[in-house]
Amino acid sequence: MKVPDNSNVVIFGASGDLNFRKLVPALYHLFSTDQLPARFFILGVSRSAFTDTEFRQAISSQMLKIEGMDSQRLSEFMEHLYYLSINTADEHDYGRLKERLLALYEQYQAPHNTLYYLATPPSLFGVIPRCLAAHELNKEAEGWKRLIVEKPIGYDFESAVALDDQLHQYFEEHQIYRIDHYLGKETVQNLLVFRFANGMFEPLWSRNFIDYVEITGAELLGVEERGGYYDGSGALRDMFQNHLLQVLAMIAMEPPAAINADATRDEVVKVLQSLRPLSDHDLEHNLVLGQYTESEVRGDTLPGYRDENGVASESRTETYLGLKLQIENWRWSGVPFYVRTGKRLPTRVTEVVIHFRPTPHPVFSQNAPANKLIIRIQPDEGIVMNFGLKKPGAGFEAEDVSMDFRYQDLGETKLLSAYERLLLDALNGDATLFARSDAVLACWKFVAPILNYKDGPMALYGYACGTWGPKEADALLERDGRRWRYPCKNLTNTHYCEL
Ligand code: BG6
């Protein structure tokens, strides 16, 4: 899908890591695959003092590290890149931004269609829209204006409402694109297609046939260089409140009447608003929080969370979260959703497992386990269906076998990176894969009692790096006669995966 002619991108926070590592490479890839318009410019804006040439050089030298980079194509791309140094928190400086933009629109003979990308610290999310508006850079008379807001969208329910109010003072909801990079993942989008393009699954997709659902977002790495940010965030805010709840909504939503921004997001928000509120009593029994401790892994000593740079030595921030939750609606009543996420687990895996109910009456001496559908979001992206097969030989014993599809079997097809897809959609004015205000607020509302509970004297369990979190998280399922799947990097490997 190509972006219609003449649209431009202004990236605030252009000297930052996100721009260098994700945004410019994504834009370059769109350019090199001819998906950007012939006439477009990208203006990087931030405080650091670069000239256009210096900025281009800095970006180029980073991009040339990418394997297989075509230096000729890269230098063509670089001609579309510009830079402006301003104090992004100072309204007066936006006069210079306006001048620069007008000159670029003139140079490119382009209407003023502009996507503003806030790749800045969250403290500027409310400030930049105000400053843009002060210079009428939010006005759409001479071309559309859209605003991409990065995460975190608020820190809790109240701050999310406050941010929303600030944004809505200067931009209308249809202009605001709240990014959740999980929605940019091909495999997350496929949840919609898999569910709603295949007639065979929909009749089974409810409490009548589904016993429980597992959602795992496991990470191999620790907090790396982001200890300062993470210590104020934790697994609940960093992964659960946004990414995993969005995945849950895609699994649980009703079929939308059409795949477009309104219809799809109407169904998403209904799921989020149907999450059963958690009382302290529920949390005591259904929530497990953990923190990784110093451990030996394959002969290396990995630091405990509290020894990471930027982390308080007495920190009680969770790096693991396991939660049993319920959706209170007709389709899902009584079906538990077990969700877990953590850093320093045995492998990096995001997946959803749908556990179907067992057969009502066991007729074989050895029944195979109940059917399972494993939807792997990353890595080794694909889908596995487990079912029982007659064990060859005498008698009638059933054994568990599987059928699988893997994206790698599609051969040459390359999955677009999340940022490529989302930038493309925002440039095309398609907000389907962006979080709408009411959905973000519904997530925070659900999470609010957990945030309160965390502030109390809740238990925080230590777990060794390279394990599947605290043993209390296993107990969360064992109590219900179930166990987590312990996935390996390789989708079809069914053995317990440990470092
Ligand atoms: C980010 C979190 O939003 O998502 C990180 O801030 C986390 O802490 C990352 O590592 C996970 O994303 P992905 O795409 O690697 O699963």
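Could you count how many residues in the stretch 388-409 are touching a residue at least 60 places away in the same chain (Cβ under 8 Å) and basic (Lys, Arg)?
Total meeting the criteria: 1.
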Check the stretch 189-208 and report whether any residue there is within 16 Å of the ligand (Cβ to nearest atom), among the polar types (S, T, N, Q) and either touching a residue at least 12 places away in the same chain (Cβ under 8 Å) or within 24 Å of ASN371 (Cα to Cα) (or both).
yes
Listed by first then second residue, the pairs whose first member lies in the stretch 169-183 and is under 15 Å from ILE128 (Cβ atoms) and basic (Lys, Arg), whose partner is within 16 Å of the ligand (Cβ to nearest atom) and not in a helix (DSSP H, G or I), with beta carbons under 9 Å and at least 6 positions apart or on separate chains, are ARG178/ILE148; ARG178/VAL149; ARG178/GLU150; ARG178/LYS151; ARG178/ILE153; ARG178/PHE434; ARG178/ALA435
Please verify whether LEU415 is within 15 Å of the ligand (Cβ to nearest atom), part of a loop (DSSP other than H, G, I, E, B) and in contact with a Phe, Trp or Tyr (Cβ under 7 Å, 6 or more places away or on another chain), treating the condition exactly as stated.
yes
Flagged pairs (Cβ under 7 angstrom, 6 or more apart or on separate chains; first in the stretch 275-287, touching a residue at least 24 places away in the same chain (Cβ under 8 Å); second assigned to a loop (DSSP other than H, G, I, E, B)) are ARG276/GLU328
Which of the helices (runs of 4 or more DSSP H) contained wholly in the stretch 219-301 include at least 2 residues that are more than 16 Å from the ligand (Cβ to nearest atom) and under 19 Å from ASP156 (Cβ atoms)?
261-273, 280-286
Could you go through the stretch 314-326 and let me know if any residue there is open to solvent by 40 Å² or more (accessible area, probe 1.4 Å), within 16 Å of the ligand (Cβ to nearest atom) and over 15 Å from LEU221 (Cα atoms).
no
For the stretch 155-188, enumerate the residues that are touching a helix residue (DSSP H, G or I) at 6+ places or on another chain (Cβ under 9 Å) and among the hydrophobic types (A, V, I, L, M, F, W, C).
PHE157, ALA160, VAL161, LEU163, LEU167, PHE171, ILE176, ILE179, LEU183, VAL188
Within the set of pairs 6 or more residues apart or between chains, which connect a residue that is under 18 Å from GLY304 (Cβ atoms) and open to solvent by 20 Å² or more (accessible area, probe 1.4 Å) inside the stretch 212-241 to a residue that is in a loop (DSSP other than H, G, I, E, B) and within 8 Å of the ligand (Cβ to nearest atom) with Cβ atoms less than 6 Å apart?
GLU219/LYS343; GLU219/ARG348; LEU220/ARG348
So is THR341 within 16 Å of the ligand (Cβ to nearest atom) and in contact with a Cys (Cβ under 7 Å, 6 or more places away or on another chain) or not?
no
Kindly check whether there is at least one residue in the stretch 136-148 that is touching a Leu at 6+ places or on another chain (Cβ under 8 Å), within 16 Å of the ligand (Cβ to nearest atom), farther than 30 Å from LEU97 by Cβ and not in a loop (DSSP other than H, G, I, E, B).
no
Any residue at all in the stretch 356-371 that's at pLDDT 95 or above and under 25 Å from the mean Cα position of the chain (by Cα)?
no
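The values are calculated or read from the model by the stated rules, or taken from the named source; none is laboratory data. Owing to the predicted nature of the structure, the values given are computational and were not obtained by experimental measurement. Virtual Cβ from ideal backbone geometry, glycine too; neighbours counted across all protein chains shown. Side chains included, ligands, DNA and RNA excluded: accessible areas come from the protein's heavy atoms. Shrake-Rupley method; radii C 1.70, N 1.55, O 1.52, S 1.80 Å.
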